Amino acid sequence: MSEAYMEQFDIKEIFEQNSRQRILMGTPKQSPGEAVVINRFYKDQTFDDSLYSLLKRALKNIIHIESTQNELILVTSYPEGAPLSKLIDSPRLMPSDRLRLAELYLDQVSAYEVLPPAIQGLLIDLSQFVVQDTGLEPKELIVLDRSFDDAMESRAVSKKLSGAIGLILKPDETAYEEFESDGIRNLMAGLSVGAISTLAAARGTFAGLMASSERMGGTNNPPSSRVSSTPGSDPTTAGETAAAAGIGAAAGIGAAAGVAATSAAAGKNATDAGLGAGAGLGADAGLGTGTGLRPDAGSNVNGDTRAIELDNLFVTEEPAKRSSQPKKKPVKKRQFKWLAWILLIAVAALVLFGLFNILTGLFTRKAPVARFETMEDNGTYHFINKSTVSGSDNKLTQISWRIDKDGTELLSSDEFDLTVSFKNGGKYKITLLVKDRYRWSNAYSQVVEHSLPEGEVPLAPGEELGVLTGSDDPLSGIEASNISSNISYDNKAARTGTSSLKLDMTTSDQAQITLDNLAVNRSTALSFWMKSSTTDRIVLTVFGYDDNGLKFTKKMTLMPKSTSNWEMVTLQSNYDDITSMKLQFSSPGTIVWLDNFELAAYK
């Protein structure tokens, strides 16, 4: 397989491997001292070519991205720094610092608006951010562990965002006016119930609240945390005040966390004491100039300030031209206060509406109910799905059938209805589970007792799946054609006979074989045994043909449990009169052995 990333990066180690991805750590060949993350996603309904452009547009650290037949490969830089969680746990962070951190955080995560909610949920986690001299930097490390939910909705992302903002601000642990007058709790409540349902909306609402506070109150800083810039201020007092703000070396975070001063102590210049430009989160990070706190709205080191109204809501400040005559402060408009109140009332109304919908759904929406009817026709059993869901806006999203005999699973299927026939007599337990948009149902089971027609010989014990033993031909007499050049007989590896089919994909992407003169219908299954040289994912694509041409295409993902055991694979057709099947295996770098092919009715 031609992979452009292999030409640009050296692989150092495997960071993570699961059924959906392989994450590698490496370095660029041009810059061996830098670390990169090579994320190889196996293509599925979430990670496909349509996600390619979205990732390229949204991610900040992206270095390289490519799409192959089976994988989406993403290479990102890996920023180093102190975790954001370490900074926000500092008890000496002032409210204005926390507000600024929240603003920087929302600026970063709003870029992920274009991505699916499931990926947004991963990237907005606080563990994804580190603190550097330039501010907050995202890791953008996408790990698809068991907690990853493809079906995550925007409401769940908003709720997670609310929790992250709460951890940054910690409004319930303090009594600062900033968290009351700015409507921060209303913002988080709106996110938690889905009234504010997008990352961009959260960022815009927060920016509006910050601007509203500056407009009505002049600044968000308590008087005790400000450092005056007017003539006559005592620099010693200013330095002590900055040190007391709690983000200096005494805050316990240190220079490595990006929140320490580079030099000096209380009593010196304010720039050296708290969050100065030489400190980790100084002017470049947006956390202030000398003390790490926001300067007063009425003063600016570059001159007077001029208030500009945007749509009667957002306020910005820009330096005015110097003049020999002092500028008069703009008169606050009474109208703006009314607009601020209207905004807060609207947010509260949305919160109440969201809470009402959630409570109504919790008390009235029931779990889906799994049910099916059984019909028998000349030894063939039809299981008709009659499951129901609660709510007109709800529907079934997943189906899971299972057939057991004597505690052994014989078949599993995700078909809506199920049709089978049995070779052996006995009691078979059929179990159905269904899932709607919200939750799984309880299991519903029926027991079918099947009797063989008079004169029919049952299979011997231990041959419930009808696998022939001792056969020298791994295909068991099934005719084959269109065999790729990397398939051969292997006399050194066989399950029961003397040889097996060897599919060598160490130098090619795939191998294929066509089985001819079949008689496949809905009540039959093609089975074979497989062994692999690795536990890497194997993609099997099945092409079914009837007399008129291609009838169906079905893709399966096979995950070998080990490299020493043979595992059985069963292929089921949803159509009748299938005369041939082309099996296309894809697992670059892997050798696969096949044996004991059989075409038989369900048992």
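The values are calculated or read from the model by the stated rules, or taken from the named source; none is laboratory data. Nothing here was measured: the structure is a model prediction, and the numbers come from that model. Cβ atoms come from the backbone with ideal geometry, glycine included; neighbour counts cover every protein chain shown. Ligands, DNA and RNA are excluded from the accessible area calculation, which covers all protein heavy atoms including side chains. Shrake-Rupley method; radii C 1.70, N 1.55, O 1.52, S 1.80 Å.
Here are the criteria: (1) open to solvent by 40 Å² or more (accessible area, probe 1.4 Å); (2) without any contact (Cβ under 8 Å) to a residue 60 or more places away in the chain. Tell me which single one Arg522 does not satisfy.
(2)
Hey, could you check region 406-442 for residues that are of a type in the set (Asp, Glu) and at negative phi and say which is most open to solvent (accessible area, probe 1.4 Å)?
Only one residue fits best here, namely Asp414.
Select, from Gly549, Gly589, the only residue that is surrounded by fewer than 19 Cβ atoms within 10 Å (Cβ to Cβ), within 38 Å of the chain's Cα centre (by Cα) and at positive phi.
When all the criteria are applied, what remains is Gly589.
Kindly check whether there is at least one residue in region 492-503 that is hydrophobic (A, V, I, L, M, F, W, C) and not in a strand (DSSP E or B).
yes
Conditions tested, residue by residue: (1) over 23 Å from Ser485 (Cα atoms); (2) among the hydrophobic types (A, V, I, L, M, F, W, C); (3) in contact with a strand residue (DSSP E or B) (Cβ under 7 Å, 6 or more places away or on another chain).
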| position | (1), (2), (3) |
| --- | --- |
| Thr534 | no, no, no |
| Asp577 | yes, no, yes |
| Leu583 | no, yes, yes |
| Phe597 | no, yes, yes |
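Got a number for residues in region 15-42 being surrounded by fewer than 16 Cβ atoms within 10 Å (Cβ to Cβ), assigned to a strand (DSSP E or B) and among the charged types (D, E, K, R)?
Going through region 15-42 one residue at a time, the tally reaches 1.
Could you please find all residues in region 365-396 being polar (S, T, N, Q), modelled with pLDDT of 90 or more and part of a loop (DSSP other than H, G, I, E, B)?
Ser387
Looking for whichever is among the hydroxyl-bearing types (Ser, Thr, Tyr), part of a strand (DSSP E or B) and open to solvent by 40 Å² or more (accessible area, probe 1.4 Å) here; the options are Ser527, Ser488. Which one fits? Let's see the steps before the verdict.
Numbers: Ser527 fails: open to solvent by 40 Å² or more (accessible area, probe 1.4 Å).
Just a single option satisfies the conditions, and that option is Ser488.
For region 80-91, what are the residues that are under 30 Å from Tyr5 (Cα atoms) and open to solvent by less than 20 Å² (accessible area, probe 1.4 Å)? I'd like the intermediate steps shown before the answer.
Taking region 80-91 and keeping what is under 30 Å from Tyr5 (Cα atoms), we get 80-83.
The answer is Ala82, and nothing else.
Would you mind telling me which numbered condition in (1) free of Cβ contacts under 8 Å to residues at least 12 places away in the same chain; (2) open to solvent by less than 30 Å² (accessible area, probe 1.4 Å) Glu598 fails?
Exception for Glu598: condition (1).
Of all residues in region 528-556, count the ones that are modelled with pLDDT of 90 or more, within 15 Å of Ser587 (Cβ to Cβ) and not hydrophobic (A, V, I, L, M, F, W, C).
8
Residues of region 121-146 being in contact with a Phe, Trp or Tyr (Cβ under 6 Å, 6 or more places away or on another chain) and modelled with pLDDT under 90, which ones?
If the condition is that a residue be in contact with a Phe, Trp or Tyr (Cβ under 6 Å, 6 or more places away or on another chain) and modelled with pLDDT under 90, then Leu136 is the only one that fits.
Quick check: anything in region 147-155 open to solvent by 20 Å² or more (accessible area, probe 1.4 Å), assigned to a helix (DSSP H, G or I) and either at pLDDT 85 or above or farther than 26 Å from Asp49 by Cβ (or both)?
Of all residues in region 147-155, those open to solvent by 20 Å² or more (accessible area, probe 1.4 Å) come to 147-155.
Imposing the further condition that a residue be assigned to a helix (DSSP H, G or I) reduces the set to 154-155.
Imposing the further condition that a residue be either at pLDDT 85 or above or farther than 26 Å from Asp49 by Cβ (or both) reduces the set to 154-155.
For region 147-155, residues open to solvent by 20 Å² or more (accessible area, probe 1.4 Å), assigned to a helix (DSSP H, G or I) and either at pLDDT 85 or above or farther than 26 Å from Asp49 by Cβ (or both): present.
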